[in-house]
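Shown next, in structure tokens, is the structure this report addresses.
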Amino acid sequence: MRRFRRLRTSTEMRRMVRETDLDKKDFIYPLFVAEGRGIKNPIESMPEMYQYSIDMLDEPLSLIYDSGISRILIFGIPAHKDDKASSAYDDNGVTQNAVRYIKEKLPNLIVIADICLCEYTSHGHCGVVCNGEILNDETLPLLAKMAVSMAKAGGRHRCTLGYDGRSSGCYKNSS
Ligand SMILES: [Zn+2]
């Protein structure tokens, strides 16, 4: 068996042969925003990560901004969930309000909203479910409404959209 450790022996050698460089500009910070007030709940599976309510966002936002990371991905945690994911496309929903708040405060931060219904449905699936199946035709208009609502929340600064619903096979192109 051959081991190619020769190329790993020193920092200089590794630097020379490295194919991938990671920089702050490559990272997107996930921000979990819960509906309510005064919330800073630790996320057990992600050490040092918390769910914040909007009134508690200033602390993580300044940490993120000062660290040089310029992109965040918001995961909203709505108080109300139902089988049509109505909080996902409520213009006054927790995610939309978070986008609005962050864009007002830090207009240069790139805010990405995840277009995905999982967190907003009472059953946790990424779409309308009937007899144990996700119905793509019924789900698509909801994803579209969510995308429009998130884009509107970004206002003149715009909100970038991440299309996660694609993983359920609801559509192919995200452009
Ligand atoms: Zn989803």
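Would you kindly derive the ³J(HN,Hα) couplings of the stretch 113-119 from the backbone phi angles with the Karplus curve 6.51 cos²θ - 1.76 cosθ + 1.60 (θ = phi - 60°), listing them in order in whole Hz, with x for Gly and Pro?
Karplus-based 3J(HN,Hα) across the stretch 113-119 equals 9, 7, 8, 7, 9, 3, 6 Hz.
For a protection proxy built on the mean count of beta-carbon atoms within 10 angstrom, sort 83-90, 34-41 highest first, please.
Values: 83-90: 20.5, 34-41: 14.8.
The packing order, highest mean first, is 83-90, 34-41.
Would you mind checking which residues have amide H under 5 Å from GLY154's amide H? H placed 1.01 Å from N; only 5 or more apart, or other chain.
Result for GLY154 returns CYS159.
Order 5-12, 138-145 from most to least packed using the mean count of other Cβ atoms within 10 Å. Could the numbers behind the result be given before it?
Working: 5-12: 9.0, 138-145: 17.5.
Packing order, densest peptide first, comes out as 138-145, 5-12.
What is the set of long-range amide H partners of ALA85 at a cut-off below 5 Å, with H atoms built 1.01 Å from backbone N?
Long-range HN contacts for ALA85: SER122.
Rank by packing, highest mean first: peptides 126-132, 44-50, 147-153, with packing defined as the count of other Cβ atoms within 10 Å averaged across residues.
Details: 126-132: 15.6, 44-50: 9.7, 147-153: 19.6.
Ranking, from highest mean packing down: 147-153, 126-132, 44-50.
Could you derive backbone 3J(HN,Hα) for the stretch 46-54 from the dihedral phi with the Karplus parameters 6.51, -1.76 and 1.60 (θ = phi - 60°), listing whole Hz in sequence and x where the residue is Gly or Pro?
Computed from phi, the couplings for the stretch 46-54 are 10, x, 6, 9, 9, 8, 10, 7, 4 Hz.
Over the Cα atoms of the chain, what radius of gyration and what Dmax do you get, in Å?
19.4, 61
Whose amide H sits under 5 Å from the amide H of GLN51, counting only residues 5 or more places off or on another chain, with H placed in the peptide plane?
HN-HN under 5 Å from GLN51: ASN41, ILE43.
Cα axis of helix 136-153 to longest principal axis of the chain: angle in degrees, 0 to 90, nearest 10?
With both axes taken from Cα atoms, the answer is about 80 degrees.
Starting from the Cα of ASP82, step 7 Å along the direction of its Cβ; do the same at ARG5; then give the gap between the two resulting points in nm.
For ASP82 paired with ARG5, the spin-label model returns 6.3 nm.
On a 0 to 90° scale, report how tilted helix 94-105 is relative to the longest principal axis of the chain, with both axes built from alpha carbons and the result rounded to the nearest 10.
Its long axis makes an angle of about 60 degrees.
What 222 nm value per residue comes from the helices of the chain, counting each DSSP H run with n ≥ 4 as -39,500 (n - 2.57) and dividing by all residues, nearest 500 deg cm²/dmol? List each step's numbers first, then the result.
Details: 4 runs with 47 residues, N = 175.
Per the formula, -8500 deg cm²/dmol.
Do any of LYS40/LYS105; LYS24/LYS105; LYS84/LYS152; LYS24/LYS81 go past 24 Å between their Cα atoms, and which?
Details: LYS40/LYS105 20 Å; LYS24/LYS105 21 Å; LYS84/LYS152 20 Å; LYS24/LYS81 35 Å.
Over 24 Å Cα-Cα: LYS24/LYS81.
Within the stretch 47-66, whose backbone N sits under 18 Å from a point 7 Å along Cα→Cβ of ARG37?
So the set is 52-59.
Once you charge only the Cβ atoms, +1 for Lys and Arg and -1 for Asp and Glu, what is the size of the charge dipole of the chain about its Cα centre, to the nearest 20 debye? Don't skip to the answer; put the middle values down first.
Details: 24 positive and 23 negative charges, 234 e Å.
Taking the Cα centre of the chain as origin, the dipole is about 1120 debye.
Rounded to the nearest 5, what % of the DSSP beta bridges within the chain are antiparallel ones? Present the calculation step by step, with values, prior to reporting the outcome.
On the way: 5 of 22 bridges.
Roughly 25 percent of the beta bridges in the chain run antiparallel, per DSSP.
Nearest 10 degrees is fine. How inclined is helix 58-67 to the longest principal axis of the chain, computing both from alpha carbons?
30 degrees
Coordinate-derived values only; no laboratory data. Remember, it's a predicted structure, so these values are computed and weren't measured experimentally. Here Cβ is always computed from backbone atoms with ideal geometry, including for glycine, and neighbour counts include all displayed protein chains.
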